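The next block holds one structure in the form of structure tokens; read it before the comments.
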Amino acid sequence: MDIIKEIYDAVMEGKVEDAASRVQQALNSKAEVNDILNKGLIAAMDVVGEKFGEGELFIPQVLWSANAMKAGLALLKPHFSSTDRTEKGTVVIGTAKGDIHDIGKNLVAIMLEGSGYKVADLGVEVPPERFIEKALEVKADIIAMSALLTTTMPSMGEVVSLLKAKKLPFKVIVGGAPVDQAFCQEIGADAYGMDAADGLRKIKGLLGR
Amino acid sequence: MNLQVSREDLLKQLGYKEPPQPRLQDMVFEMLGLLDGLVEPRLAFKGIQDEKDLPPFLTGAVLKYAGAATLGPKLENRVKDLFDEGKAAEAYILDTAGSIAMTKAGDILWDDIRQDAEAKGFKKGLRRTPGCRGIDLETQQWIFGKLADLDLGIKLTTSYMMFPRKSLSFLARFGGRLKGAFSCKGCPQYTDCTLRG
């Protein structure tokens with residue numbers, strides 16, 4: 001079987017060791033690094049994301065695939081030159097100030113990494129200023145925020161207000177159980193992620209990649 | 001206290017209507033085995049005798065209660081460790097199993113309160129948790145003030161959230177007239193809420 005197809009299958013099936021060994025095998029056989037990345041790893045993860053969005057796959061399988069993709073990507077990175085862009089973009093992620101719930105945020109972070117984004121995870125109870133400091137530090141494209149409670153949602157609006165006041169270009173995506181499209185529009189965020197798969201889709205849409 | 005989580009309930013909660021691949025079933029089985037050793041449930045309630053400075057939900061009730069339950073810190077520490085070890089699927093499955101166990105602990109607490117109320121002649125009651133529409137999250141402070149002398153091991157953050165996170169609290173009322181103290185409609189959790197009477 002074509003080695004790229006084997007990489008694709010390993011990621012689809014969420015087999016971390018298989019993905020890593022097939023990527024290494026492909027590198028040893030001088031396969032094109034871009035083919036391994038785009039036709040193997042990323043192509044598979046895109047399909048996994050679609051199937052998740054359609055309810056064909058569920059979170060545990062997506063996490064396996066994301067880990068398989070990460071394992072393959074780690075082997076590929078040294079083969080890209082410093083000017084190659086191996087990441088699709090950089091996302092600063094965290095849970096809103098006052099909120100300690102992080103399972104959903106962790107899942108989104110893992111799925112983003114598994115889809116080829118660089119993620120700076122600030123953890124929980126992140127003050128608005130911290131999101132901005134980190135976004136400047138890592139030259140982020142996106143700030144992603146999550147809140148589980150209505151009482152902690154307003155802090156996400158503070159981040160948007162600070163960005164506008166400072167005229168900073170970072171896009172903002174918000175999510176979490178009590179958050180909806182209306183709230184997203186009310187605070188002037190760029191996108192609302194209904195769930196992890198939707199968040200991933202919206203981030204791809206915001207960045208065009 | 002029986003907080004046993006069945007494999008079927010866990011798979012359903014994870015989204016699977018049909019049995020998934022054997023690898024996932026094995027992982028679910030493994031996480032359920034782990035759950036048993038990580039859950040240290042504590043729960044307690046108190047009857048409230050005060051008539052003044054009550055949260056609006058309790059105003060006018062004949063019997064009033066505040067209660068809380070927790071699974072203890074070991075479970076969420078293990079979930080964090082699993083995430084840190086790169087075992088995200090295991091972490092997510094274990095956390096989901098913990099959420100089911102937490103719901104069961106809440107139901108047991110509610111049963112205990114209902115039994116207490118029934119012994120006093122009241123069969124029908126309502127329970128509501130802070131954060132639901134009409135009951136401010138700040139009410140947590142009032143509840144845990146009332147439960148302060150009970151060794152539950154739950155701490156509140158400055159934003160009134162509970163540590164360990166796998167904890168819950170609620171107010172309960174029996175008898176008397178409920179005069180618009182709250183409205184469930186409009187609550188973001190309305191369709192999924194397990195607490196609605």
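Rule-based calculations on the coordinates, nothing more; no lab input. Since the structure is predicted, the reported quantities are computational estimates derived from the model, not experimental observations. Every residue, glycine as well, gets a Cβ built from its backbone with ideal geometry; the counts of neighbours run over all protein chains shown.
Between the amide H of B:R165 and any residue lying 5 or more places away or on another chain, no distance stays under 5 Å, with hydrogens modeled in the peptide plane.
The GluC sites (Glu not before Pro) found in the range B:1-103 that occupy coil by DSSP, while having at most 12 further C-beta atoms within 10 Å, are B:E51, B:E85. Other residues lying with their Cβ under 12 Å from the Cβ of A:E6 contribute a combined charge of 0, Lys and Arg counting +1, Asp and Glu -1. Looking at chain B, which longest stretch skips every one of the trypsin sites (Lys or Arg not before Pro) that is in a DSSP loop with at most 15 other Cβ atoms within 10 Å, leaving the sites themselves out? Value returned for the longest uninterrupted segment is B:53-119.
Measuring against 31 Å, Cα to Cα, the residue pairs A:K164/B:K80; A:K30/A:K118; A:K204/B:K166; A:K39/A:K139; A:K77/A:K166; A:K39/A:K202 contain A:K164/B:K80; A:K204/B:K166; A:K77/A:K166 as the ones spanning a longer distance. Normalised by the number of residues in the range B:7-174, the mean separation of alpha-carbon contacts (under 8 Å, six or more apart) gives a relative contact order of 31 percent. Once C-alpha pairs closer than 8 Å and six or more residues apart are averaged by separation and normalised to the residue number of chain A, the relative contact order reads 17 percent.
For the range A:1-66, the set of trypsin sites (Lys or Arg not before Pro) satisfying both a DSSP loop assignment and a count of at most 16 other C-beta atoms within 10 Å is given as A:K30. Shape class of the range A:87-196 from the Cα gyration tensor (axes a ≥ b ≥ c, square roots of the eigenvalues): rounded, since a/c falls below 1.5. If Lys and Arg each add +1 and Asp and Glu each add -1, what is the summed charge of the other residues whose beta carbon sits under 14 Å from the beta carbon of A:S21? Taking every other residue near A:S21 into account, the sum is -3.
Which of the three applies to the protein assembly as shown, rounded, prolate or oblate, going by the alpha-carbon gyration tensor with a ≥ b ≥ c and a/c under 1.5 meaning rounded? Prolate, because a/c is 1.5 or more and a/b exceeds b/c.
What trypsin sites (Lys or Arg not before Pro) in the range A:96-148 are in a loop by DSSP, with at most 15 other Cβ atoms within 10 Å of the Cβ? Those that pass, being in a loop and sparsely packed, are A:K139. Within the set of other residues whose C-beta is less than 13 Å from the C-beta of A:F52, count the net charge using Lys and Arg as +1 and Asp and Glu as -1. Residues close to A:F52 contribute a combined charge of -4. Which of the three applies to the range A:1-132, rounded, prolate or oblate, going by the alpha-carbon gyration tensor with a ≥ b ≥ c and a/c under 1.5 meaning rounded? It comes out oblate by the Cα gyration axes.
State the antiparallel share, in %, of DSSP beta bridges confined to the protein assembly as shown, rounding to the nearest 5. The antiparallel proportion sits near 50 percent.
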